[in-house]
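The values are calculated or read from the model by the stated rules, or taken from the named source; none is laboratory data. All figures in this text were calculated on a predicted structure; none of them were measured in a lab. Note: ideal-geometry Cβ built from the backbone for every residue, glycine included; neighbour counts use all protein chains shown. Only protein heavy atoms, including side chains, enter the accessible area calculation; ligands, DNA and RNA are left aside. Shrake-Rupley method; radii C 1.70, N 1.55, O 1.52, S 1.80 Å.
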Amino acid sequence: MRNKVTIIGAGSVGATIAYTLVANGPVSEIVLIDINTAKAEAEAMDIRQATPFLTSSKIYEGSYEDAVGSDIVIITSGVGRKPGQSRIDLTQTNVNILKSIAPKIVEYVPDAIYLLVANPVDILTYTFCKCSGLPEEKIIGSGTILDTARLRAKISEH
């Protein structure tokens, strides 16, 4: 089975998702897109070199045009929180980033399922729904799954 995933944002979250997809083998092709193309290229190369015996997934740095044919697009782009900063403090900056990404990716991949994994995720998911023009059933926000995972970890530590 051939399936393709595009990940927009090659920071820690995007690179970890890419590695996990390659390590678990469900994806045949992954495109990493980042405003910092050198970072995306380095992450793709690291994953290729770290996983040669795991799967035959093809992973590379690319552009929005390279996303054509993707089944899933995962958006992790955004500015990370600074110490003491709340997720809501990131809102306008990350909304602006998302608004710049949406028309570019939707132009090349209008039929994909979109997963948003950037903070504040609920606001960004809503924004993407409104500015992408895509049907809402094609857009998923990761919601509070990370908070749930953190809570589980804290309980198990306790």
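Which is farthest toward the positive dipole end of the chain among 55, 95, 133, measuring Cα position about the Cα centre, with Cβ charges +1 (Lys, Arg) and -1 (Asp, Glu)?
The residue sitting farthest along the positive end of the dipole is 95.
Output the DSSP H helices from the chain with an along-axis C-alpha extent of no less than 24 Å and a mean Kyte-Doolittle hydropathy no less than 0.0.
Working: long enough: 91-108 (26 Å, 0.03).
Taking the DSSP H segments of the chain (at least 24 Å long, mean hydropathy at least 0.0), we get 91-108.
Using a 1.4 angstrom probe and counting only protein chains, how large is the accessible area of residue 87 in Å², to 10?
Answer for residue 87: close to 60 Å² accessible.
Would you list 34, 89 from the most to the least accessible area, probe 1.4 Å? Don't jump to the answer; show the numbers that get you there.
Working: 34 35, 89 90 Å².
Descending accessible area places them as 89, 34.
From the Cα gyration tensor of the chain, with a ≥ b ≥ c the square roots of its eigenvalues, which class applies: rounded if a/c is under 1.5, or else prolate if a/b is larger than b/c, or else oblate? Before the final figure, lay out each step's value.
Numbers: a/c = 1.57, a/b = 1.13, b/c = 1.39.
Cα axes put the chain in the oblate bin.
Please give the FRET efficiency for residue 137 paired with residue 2, using the beta carbon to beta carbon distance and R0 = 25 Å, rounded to the nearest 0.05. Walk me through the numbers before you get to the answer.
Details: r = 24 Å, r/R0 = 0.94.
In this case the efficiency is close to 0.60.
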